[in-house]
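Worksheet for the structure shown next.
Just so you know, all these numbers are worked out from the coordinates, no wet-lab data involved. Here the structure is a predicted model, which is why all the values come from computation and not from measurement. Please note: Cβ atoms are built from the backbone with ideal geometry, for glycine as well, and neighbour counts cover all protein chains shown.
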Amino acid sequence: MIELKVDLGARSYPILIGDGLLGTPDLLTPYIGGRQVAVVTNTTVGPLFLDQLKASLGSVAVDVIELKDGERFKTLDTYASVIDALMGKRHNRTTTLVALGGGVIGDLAGFAAATFQRGVAFVQVPTTLLAQVDASVGGKTGVNHSSGKNMIGAFHQPRCVLADTATLATLPAREYRAGLAEVVKYGVIWSAQFFAQLEGQIDALNQRDAAVLAEVIRESCAIKAEVVAEDEREQGRRAILNYGHTFAHALETLTGYEQLLHGEAVAIGMVLAADCACRHDLLDEASVQRIRNLVGALGLPTEMPDAIDPSAALTVMGMDKKVVDGRLRLVLPERIGAVRVTDQVERATVLTTLEAG
Ligand SMILES: NC(=O)c1ccc[n+]([C@@H]2O[C@H](COP(=O)([O-])OP(=O)(O)OC[C@H]3O[C@@H](n4cnc5c(N)ncnc54)[C@H](O)[C@@H]3O)[C@@H](O)[C@H]2O)c1
């Protein structure tokens with residue numbers, strides 16, 4: 001088992017990574033607060049892993065709250081149903097919420113944990129690659145509003161993250177690849193060495209090689225943990241984790257969140273941001289090509305869907321949460337392994353990028 005620490009003073013917590021960890025007796029017992037646990041999961045993931053999870057929770061009383069599967073259920077209504085279930089089953093301030101599932105379950109259960117009785121203990125058991133390398137670490141929780149994604153939420157750090165790579169075996173191929181997009185992101189924003197390692201492990205990654213995956217998840221979580229430890233509430237540095245995301249959110253919005261998975265939109269967004277950095281004279285063409293090649297070799301899209309109008313995409317980018325004083329703030333690579341947050345890119349440059357993408 002690999003153990004990493006997210007260093008946040010009194011709110012520090014471990015990330016446990018390994019193949020087949022779930023089911024290890026009492027593995028999660030040290031992170032359970034009182035005598036009651038509520039596992040929040042969905043109809044897809046619950047039947048797959050609930051029994052193993054229970055074995056790792058020891059002898060506490062476990063209630064299960066099973067939600068419908070899908071991003072469209074990441075809403076205030078579903079959140080209210082979780083609170084109703086907790087009240088109905090007489091949970092109190094000493095209870096621990098355990099999220100078993102992908103990022104949707106983690107975000108929603110985390111928000112319930114942040115707010116139920118002003119905040120209760122929370123444990124993340126992520127079962128998608130995207131959640132293992134990204135969503136489960138860092139304490140961002142929340143639900144969507146009809147007018148925007150993640151518009152309602154709170155920072156609430158888990159007590160522990162348990163990432164069992166064996167759970168990824170049942171993940172649909174598209175979902176798996178979507179998680180790889182965030183892995184590539186860490187190489188571009190933080191580590192040229194990690195990026196080069198990924199270039200050398202394309203076949204192993206495409207085959208979900210367990211040993212390679214555990215190492216890649218460890219490195220991804222280590223990078224995210226370091227960024228979060230520096231800037232827990234995204235006052236500055238944490239924004240680099242949004243590399244590719246401003247472009248991605250525009251693509252997701254314009255395709256109605258149905259055509260592209262988030263990771264697929266991020267994949268295209270990272271290529272567009274690299275191309276934009278090149279047009280802005282920040283990044284060399286060879287590095288843009290390396291990013292495009294790695295993204296493509298991992299089975300991810302690298303080009304904008306045909307139906308998207310570039311000027312509509314630019315307009316949507318202008319409405320992003322990250323826009324300050326009307327200027328687009330973009331995370332652009334200056335080389336592989338280092339990015340810069342800038343509001344100095346001309347709109348015309350972004351538009352040309354979108355037209356070429
Ligand atoms: N909090 C954060 O910092 C953060 C970061 C990135 C993304 N997110 C959020 O995460 C969400 C996306 O997460 P996601 O990509 O994990 O999607 P998801 O939670 O919808 O999971 C994808 C699909 O895979 C299924 N699934 C999960 N684990 C499985 C397994 N082991 N085997 C078979 N099927 C399985 C799910 O039921 C679902 O149908 C978005 O809502 C996004 O906003 C949050």
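Which of rounded, prolate, oblate describes the range 2-170, given a ≥ b ≥ c as roots of the alpha-carbon gyration tensor eigenvalues and a/c under 1.5 marking rounded, otherwise prolate only if a/b is larger than b/c?
Working: a/c = 1.28, a/b = 1.20, b/c = 1.07.
Rounded shape, in that the Cα axes give a/c under 1.5.
Can you give the angle from 0 to 90° between the axis of helix 103-115 and the longest principal axis of the chain, with both taken from C-alpha atoms, to the nearest 10?
So the helix axis and the longest Cα principal axis differ by about 60 degrees.
Is any residue of the range 210-238 close enough, with backbone N under 19 Å, to a label point placed 7 angstrom from the Cα of Lys5 along the Cα-Cβ axis, and if so, which?
The answer is 218-232, whose backbone nitrogens lie closer than 19 Å to the label point.
Could you run the Karplus curve 6.51 cos²θ - 1.76 cosθ + 1.60 with θ = phi - 60° over the range 24-34 and give me ³J(HN,Hα) per residue in whole Hz, x for Gly and Pro?
4, x, 6, 4, 9, 3, x, 9, 8, x, x
Mind listing the long-range amide H neighbours of Ala61? Cut-off is under 5 Å, sequence gap 5 or more, other chains count too, H placed in the peptide plane at 1.01 Å from N.
Distant-sequence amide H within range of Ala61: Val37.
In the structure shown, do any of Lys89/Lys224; Lys89/Lys140; Lys5/Lys185; Lys5/Lys89 have a Cα-Cα gap over 30 Å, and if so which?
Values: Lys89/Lys224 36 Å; Lys89/Lys140 26 Å; Lys5/Lys185 21 Å; Lys5/Lys89 33 Å.
Check vs 30 Å cut-off fails for Lys89/Lys224; Lys5/Lys89.
Taking the beta-carbon count within 10 Å as an exposure proxy, list Ser146, Ser287, Ser136, Ser220 from fewest neighbours to most. Show your work: numbers first, answer last.
Values: Ser146 7, Ser287 21, Ser136 29, Ser220 26.
With the fewest neighbours first, Ser146, Ser287, Ser136, Ser220 line up as Ser146, Ser287, Ser220, Ser136.
Which residues make up the longest stretch of the chain that has no trypsin sites (Lys or Arg not before Pro) in a DSSP loop with at most 14 other Cβ atoms within 10 Å? It would help to have the intermediate numbers written out before the result.
Details: sites that count: Arg35, Lys68, Lys89, Arg90, Arg93, Arg233, Lys321.
Segment 94-232 is the longest.
Does the range 134-280 come out rounded, prolate or oblate, given a ≥ b ≥ c as the square roots of the eigenvalues of its C-alpha gyration tensor, rounded meaning a/c under 1.5 and, failing that, prolate meaning a/b above b/c? Walk me through the numbers before you get to the answer.
On the way: a/c = 1.27, a/b = 1.15, b/c = 1.11.
Because its axes are fairly even, with a/c under 1.5, the range 134-280 counts as rounded.
Determine, for His262, His145, the number of other Cβ atoms within 10 Å of each Cβ, and report the residues in order from fewest to most. All intermediate terms of the calculation are to be shown ahead of the outcome.
Numbers: His262 23, His145 12.
Result, fewest neighbours first: His145, His262.
Using only alpha carbon pairs under 8 Å that are at least six residues apart, calculate the relative contact order of the chain and give it in whole percent.
On the way: 696 pairs, mean separation 54.0, N = 357.
Dividing the mean separation by the residue count of the chain yields 15 percent.
Quick one: grab the alpha carbon gyration tensor of the range 258-355, order the square roots of its eigenvalues as a ≥ b ≥ c, and give me rounded if a/c is under 1.5, else prolate or oblate depending on whether a/b is larger than b/c.
Working: a/c = 1.68, a/b = 1.10, b/c = 1.53.
It is oblate, given that a/c is not under 1.5 and a/b is not larger than b/c.
Using the Cα centre of the range 2-170 as origin and beta-carbon charges of +1 (Lys, Arg) and -1 (Asp, Glu), tell me which of Gln132, Gly103, Gly119 is placed farthest towards the positive end of the dipole.
Highest projection toward the positive end goes to Gly119.
Using only the alpha-carbon atoms, how far is helix 76-88 inclined from the longest principal axis of the chain? Give it as 0 to 90 degrees, nearest 10.
Approximately 10 degrees, to the nearest 10.
Taking the Cα centre of the chain as origin, sum charge times position over the Cβ atoms of Lys and Arg (+1) and Asp and Glu (-1), and report the length of that vector in debye to the nearest 20. Walk me through the numbers before you get to the answer.
Values: 33 positive and 42 negative charges, 239 e Å.
Approximately 1140 debye in magnitude.
Please list the non-local residues whose amide H lies under 5 Å from the amide H of Asn150, H modeled 1.01 Å from N, same-chain partners needing a gap of 5 or more.
Under 5 Å from the amide H of Asn150 lie the amide H atoms of Asn144, His145, each far enough along the sequence or on another chain.
For labels at Gln207 and Ala229 in the simple 7 Å Cα→Cβ model, what's the distance in nm?
The answer from the label model is 3.5 nm.
Which angle from 0 to 90°, rounded to the nearest 10, does the C-alpha axis of helix 45-56 make with the longest principal axis of the chain?
So the helix axis and the longest Cα principal axis differ by about 50 degrees.
Mind listing the long-range amide H neighbours of Val6? Cut-off is under 5 Å, sequence gap 5 or more, other chains count too, H placed in the peptide plane at 1.01 Å from N.
Tyr13, Ile15
Evaluate E = 1/(1 + (r/R0)^6) for Leu76 and Gln344, where r is the Cβ-Cβ distance and R0 equals 56 Å; express this FRET efficiency to the nearest 0.05.
On the way: r = 38 Å, r/R0 = 0.68.
The value I calculate is 0.90.
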